[in-house]
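Student: After the structure tokens below, expect a handful of questions from me.
Values in this text are rule-based calculations from the coordinates and carry no lab data. These figures come from a predicted structure and were not determined experimentally. Please note: Cβ atoms are built from the backbone with ideal geometry, for glycine as well, and neighbour counts cover all protein chains shown.
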Amino acid sequence: MKFNIYDLSSFTSSINQTLMENCSPFWAVTIEMVLVGIAILSFYAIVGLYLVYAERKVCAFMQCRVGPNRVGPYGFFQTIADLIKLLMKELIPIKNADKFLFNLAPFIVIIASFMALAAIPFAKGLHAIDFNIGIFYVMAVTSIGVIGILLAGWSSNNKYSLIGAMRSGAQIVSYELSVGLSLVTIVILSGSLQLSTIVEAQRDGWFLFTGHIPALIAFLVFLVAATAETNRGPFDLAEAESELTAGFHTEYSGIKFAFFFLAEYMNMFIVASIAATMFLGGWMPLHVGGWEAFNNIMDFVPPFFWYIGKTAVVIFIMMWFKWTFPRLRIDQLLTLEWKYLLPINLVNIIIMSFVVLMGWHF
Amino acid sequence: MRSIINYLKEIFGTVRALLKGMGVTGYYFVHPREIVTQQYPENRATLKMFDRFKGEVVMPHDENNEHHCTACGICEMNCPNGSIEIISKIQLTPEGKKKKVIAKHIYHLGMCTFCNLCIKTCPSNAIIMEQTFEHAVFNRAKLTKVLNQPGSKLSKGDKK
Ligand code: SF4
Ligand code: SF4
């Protein structure tokens with residue numbers, strides 16, 4: 001089996017070949033699906049846990065504290081300990097709650113983020129499904145998550161949960177537009193909806209640079225709208241602790257609460273990786289068209305690390321937002337979307353189309 | 001036209017203000033020196049409590065085992081939680097006069113809210129706040145303390 005860290009497609013295709021030689025195509029595909037599932041599941045758990053840890057550390061440093069530092073070196077195992085604690089907690093049944101929907105809701109939220117993860121290109125060849133409408137698919141499945149949130153709020157039989165869920169619904173319906181339109185701006189530039197093509201098109205420079213002004217505006221709009229879409233601060237009205245106890249997941253305990261919690265961080269990871277893929281070139285190393293020596297040096301870093309690094313930068317910016325800005329009121333939230341982000345976005349799409357038509361991009 | 005200019009002005013003004021806020025948090029993020037957290041068990045040897053910290057009520061004694069408490073009971077009356085009990089006894093002075101002296105100044109640390117009232121109202125400044133804070137014990141009875149040391153007596157200078 002060949003393993004080349006710079007191009008994992010040979011590795012994945014050699015696995016495929018071995019399986020195809022040894023069993024029928026049906027079993028080969030089944031085994032591949034199970035393998036991919038396990039890989040994504042473990043990736044999910046690790047990333048989820050360590051994002052929680054990273055968030056607590058970042059937040060602590062921004063507030064002049066040290067954050068978790070007792071479990072393991074620098075508190076590295078703190079979130080694992082927290083997870084074990086949550087696993088052992090009692091699942092409290094709620095009186096007069098709609099049992100079926102109440103239990104279903106966390107799974108919808110978590111499955112939505114799982115499905116999105118499948119279409120994200122992690123590195124060259126490390127890509128579960130390469131749809132030709134990849135970015136459209138990712139946007140579609142990430143918005144399924146809000147159904148889970150609405151169900152959670154509705155079925156808990158608790159007014160705080162319901163208010164939180166309704167806020168979250170209003171928020172996602174409006175911000176979905178901005179996310180979509182800012183991605184459309186980049187789709188205009190790349191001319192493709194397929195994520196692998198989009199990444200490949202950034203070989204000579206990331207879209208953030210080649211698309212210059214309109215791409216930069218689209219990136220900023222995307223950052224704001226994506227933060228709102230994931231229900232993170234300063235747009236965390238759906239769970240506004242000080243007003244709604246915990247919003248839509250007030251009534252959840254134990255592992256079901258942990259599902260919501262993990263899904264929130266995974267959604268952040270997913271939007272950050274979309275931002276990295278669409279604007280910052282995904283796993284593509286930093287290339288400047290024409291500088292051969294520079295490009296070759298950059299190629300030494302394996303694509304997977306480029307991808308993780310870019311995603312981490314975007315995640316850090318989102319955390320920075322959360323721990324700097326105060327929470328918006330619901331009317332301010334909607335004003336921001338409908339009076340500012342949406343018009344800016346629409347104008348920006350026109351500018352981008354014009355730039356592409358005139359060939360003014362690099 | 002004017003409204004468009006105002007609209008753009010508003011956007012840029014907001015972005016500037018938000019960036020300024022992010023600058024502050026970003027500064028703290030890259031300056032770990034600004035961290036104010038006390039890493040308690042590690043810095044136990046060097047930890048210095050701030051001036052107004054109140055740990056427990058104590059009665060200072062000087063080298064002759066003498067204190068200033070006249071057993072007047074004012075602290076007991078002023079304590080809102082009943083954490084102080086004054087047990088006094090009558091002693092005969094060499095001149096043959098009867099005099100009230102302190103037998104036991106009992107202080108219940110477990111009931112004290114560190115309001116400082118006893119210290120403020122003591123007319124002889126016999127008690128003060130100590131800055132100790134490691135008060136955990138395995139038995140609640142240990143939180144009841146007798147502040148005057150055994151065999152101690154009223155300091156000479158305070159005799160009226
Ligand atoms: S401590 Fe002060 S107030 Fe209390 S009995 Fe003694 S002299 Fe009086
Ligand atoms: S500090 Fe307050 S509560 Fe404590 S013993 Fe003195 S008067 Fe009572």
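Student: Which condition breaks for B:Phe114 when tested against (1) within 16 Å of ligand 2 (Cβ to nearest atom); (2) more than 17 Å from B:Pro60 (Cα to Cα); (3) without any contact (Cβ under 8 Å) to a residue 60 or more places away in the chain?
Tutor: Checking B:Phe114 against (1) within 16 Å of ligand 2 (Cβ to nearest atom); (2) more than 17 Å from B:Pro60 (Cα to Cα); (3) without any contact (Cβ under 8 Å) to a residue 60 or more places away in the chain, the one that fails is (3).
Student: Considering only helices (runs of 4 or more DSSP H) fully contained in the range A:226-309, which possess at least 2 residues that are over 30 Å from A:Ile198 (Cβ atoms)?
Tutor: Values: elements: A:241-244, A:254-279, A:292-299.
Passing ranges, in order: A:241-244, A:254-279.
Student: Any chance the range A:74-87 includes a residue that's within 14 Å of another protein chain (Cβ to nearest Cβ) and closer than 24 Å to A:Ala312 by Cα?
Tutor: The answer is yes, given that some residue of the range A:74-87 is within 14 Å of another protein chain (Cβ to nearest Cβ) and closer than 24 Å to A:Ala312 by Cα.
Student: Then there's this: Out of the residues in the range B:66-94 meeting the condition of being of a type in the set (D, E, K, R) and surrounded by 15 or more Cβ atoms within 10 Å (Cβ to Cβ), tell me which one is farthest from ligand 1 (Cβ to nearest atom).
Tutor: B:Glu66
Student: Being among the basic types (Lys, Arg) and surrounded by 14 or more Cβ atoms within 10 Å (Cβ to Cβ) narrows it down to one of B:Lys48, B:Lys104, B:Lys120, B:Lys97, so name that one.
Tutor: B:Lys104
Student: Against the conditions (1) free of Cβ contacts under 8 Å to residues at least 60 places away in the same chain; (2) within 14 Å of another protein chain (Cβ to nearest Cβ); (3) in contact with a Ser or Thr (Cβ under 8 Å, 6 or more places away or on another chain), where does A:Met62 fall short? Just the number, please.
Tutor: Result: A:Met62 passes all but (1).
Student: Of the numbered conditions (1) within 14 Å of chain B (Cβ to nearest Cβ); (2) under 30 Å from A:Glu239 (Cα atoms); (3) of a type outside the set (A, V, I, L, M); (4) in contact (Cβ under 8 Å) with a residue 24 or more places away in the chain, A:Pro343 fails exactly one; give the number of that condition.
Tutor: Failing condition for A:Pro343: (4).
Student: Same structure again: Out of the residues in the range B:64-85 meeting the condition of being in a loop (DSSP other than H, G, I, E, B) and of a type outside the set (S, T, N, Q), tell me which one is nearest to ligand 2 (Cβ to nearest atom). Full working, then the answer.
Tutor: Filtering the range B:64-85 for residues in a loop (DSSP other than H, G, I, E, B) gives B:64-65, B:68-73, B:79-83.
Then drop every residue that is not of a type outside the set (S, T, N, Q), which leaves B:68-69, B:71-73, B:79-80, B:82.
Working: B:His68: 16, B:Cys69: 14, B:Ala71: 16, B:Cys72: 14, B:Gly73: 13, B:Cys79: 3, B:Pro80: 6, B:Gly82: 8 Å.
In this case the residue turns out to be B:Cys79.
Residue-by-condition table, conditions (1) over 16 Å from the mean Cα position of the chain (by Cα); (2) among the small types (Gly, Ala, Ser):
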| site | (1), (2) |
| --- | --- |
| B:His68 | yes, no |
| B:Met77 | yes, no |
| B:Pro80 | no, no |
| B:Ile86 | yes, no |
| B:Pro94 | yes, no |
| B:Ala103 | yes, yes |
| B:Tyr107 | no, no |
| B:Asn125 | no, no |
| B:Phe138 | yes, no |
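Student: Something else now. Considering only the range B:125-143, how many residues are outside any helix (DSSP H, G or I), surrounded by 11 or more Cβ atoms within 10 Å (Cβ to Cβ) and away from ligand 2 (no atom under 15 Å from the Cβ)?
Tutor: Adding up the residues that qualify gives 1.
Student: Looking at (1) farther than 30 Å from A:Tyr307 by Cβ; (2) within 14 Å of another protein chain (Cβ to nearest Cβ), which is the one condition that is false for A:Lys95?
Tutor: Of the numbered conditions (1) farther than 30 Å from A:Tyr307 by Cβ; (2) within 14 Å of another protein chain (Cβ to nearest Cβ), the odd one out for A:Lys95 is (2).
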